[in-house]
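Written below as structure tokens is the structure these notes are about.
The values are calculated or read from the model by the stated rules, or taken from the named source; none is laboratory data. The shown structure was predicted, so the numbers you read here are calculated from the model rather than taken from an experiment. Using ideal geometry, Cβ is built from the backbone for each residue, glycine included, and neighbour counts are taken over all protein chains shown.
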Amino acid sequence: MAANANQVVRPVIVKKVYEAPHAAHHGGAWKVAYADFVTAMMAFFLLMWLLGATTEKQRKALADYFAPTLVKTKQESAGSNGMFGGDSIVSADDYPHRAAQTGTKAITIPRDAKGGPKEASGKERDKARFENLKQALAKKMQASRELRRLAKNVRFTETREGLRIDLVDEADFSMFVSGTNQMTPDAMRLLDEVSLLVRELPNGLIIRGHTDAAPYARGQGMNNWKLSAERAEITRAIFAQKGVGPDRFLRIEGVADREPYVPRNRFDPRNRRMSITMGWARE
């Protein structure tokens, strides 16, 4: 059939719809947030590592290095910054009358910066006391023929609890008769000197008895736990006899062979020892 000449031809409209991929709905903002989180965690763990890997002295040096220097502008000095900020370069001021004097800034060092006049902390005072004790004990032992040979049996170790003095057994020296809580004469002389020096300090004391891993035979009614505790109590009693006040003793412990001095060989005679720890002063 022929189309009518007066009939209007309607246009055909084709609509194309494009669907975006599924991932496009989420965007990439989460990646930025995640990267920030990872960076922050890296900085945090780096800080934790630095705190654990450095000594207190090194941390103090780092803090001093990054401590800001205060710059103080003298607003009312001669030739100060800004128009009419000062009188003149020759007005009464802290500066000498020199034509070239135009400086206006003074550097002020913070009081607590390195080298500043500040009081020592409690821990620093304790370290000084402990160092004096070490030197005094070494001097006394060198002056005595009986004690001179025992110098190698006295060990000093700085710990988290304080300064620890270890009186260590050797193959040719024992603090106690084997398997008993009876102290040997040499150990009595050594402990007398230690107690007299410790008596002069105010720090609290922790006394621990240690044994090696050699077991007791069955039926003896004794074990390393009991033995180490009895030896610690004998040591405390000697300190008390020498004038150390009862309020100085914080803990008296027997730890058997659980804290060996030589971990690779729990039967080593050096594991048999008495530990006297002088605690850090409380701030």
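Points to keep in mind about this one:
- When residues of the stretch 182-206 are limited to those that are small (Gly, Ala, Ser) and part of a helix (DSSP H, G or I), the one surrounded by the fewest Cβ atoms within 10 Å (Cβ to Cβ): 195
- Count of the stretch 158-200 residues which are closer than 19 Å to residue 226 by Cβ, among the acidic types (Asp, Glu) and without any contact (Cβ under 8 Å) to a residue 40 or more places away in the chain: 0
- Of the candidates 179, 209, the single residue that is surrounded by fewer than 16 Cβ atoms within 10 Å (Cβ to Cβ), assigned by TED's automatic domain parsing to the domain that holds residue 162 and among the small types (Gly, Ala, Ser) is 179.
- Count - residues of the stretch 190-242 that are closer than 24 Å to residue 146 by Cβ and polar (S, T, N, Q): 3
- So residue 140, is it of a type in the set (Lys, Arg), under 30 Å from residue 212 (Cβ atoms) and either under 33 Å from the mean Cα position of the chain (by Cα) or at pLDDT 90 or above (or both): yes
- Tabulated pairs, the stretch 201-212, first more than 12 Å from residue 280 (Cβ to Cβ) and touching a residue at least 40 places away in the same chain (Cβ under 8 Å), second crowded, with 21+ Cβ neighbours inside 10 Å and among the β-branched types (Val, Ile, Thr), C-beta under 6 angstrom, 6+ apart or interchain: 207/235; 207/276
- Index of the failed condition, residue 60 passing every other in (1) farther than 26 Å from residue 158 by Cβ; (2) surrounded by 10 or more Cβ atoms within 10 Å (Cβ to Cβ): (1)
- Annotation for the stretch 184-200: no member residue is aliphatic (A, V, I, L, M) and more than 23 Å from residue 134 (Cα to Cα).
- Residue satisfying all of: in the stretch 240-256; basic (Lys, Arg) and within 12 Å of residue 207 (Cα to Cα); surrounded by the most Cβ atoms within 10 Å (Cβ to Cβ) among these: 248
- Failed item, numbered, when residue 237 is tested on (1) within 19 Å of residue 184 (Cα to Cα); (2) among the hydrophobic types (A, V, I, L, M, F, W, C); (3) surrounded by fewer than 15 Cβ atoms within 10 Å (Cβ to Cβ); (4) under 29 Å from the mean Cα position of the chain (by Cα): (4)
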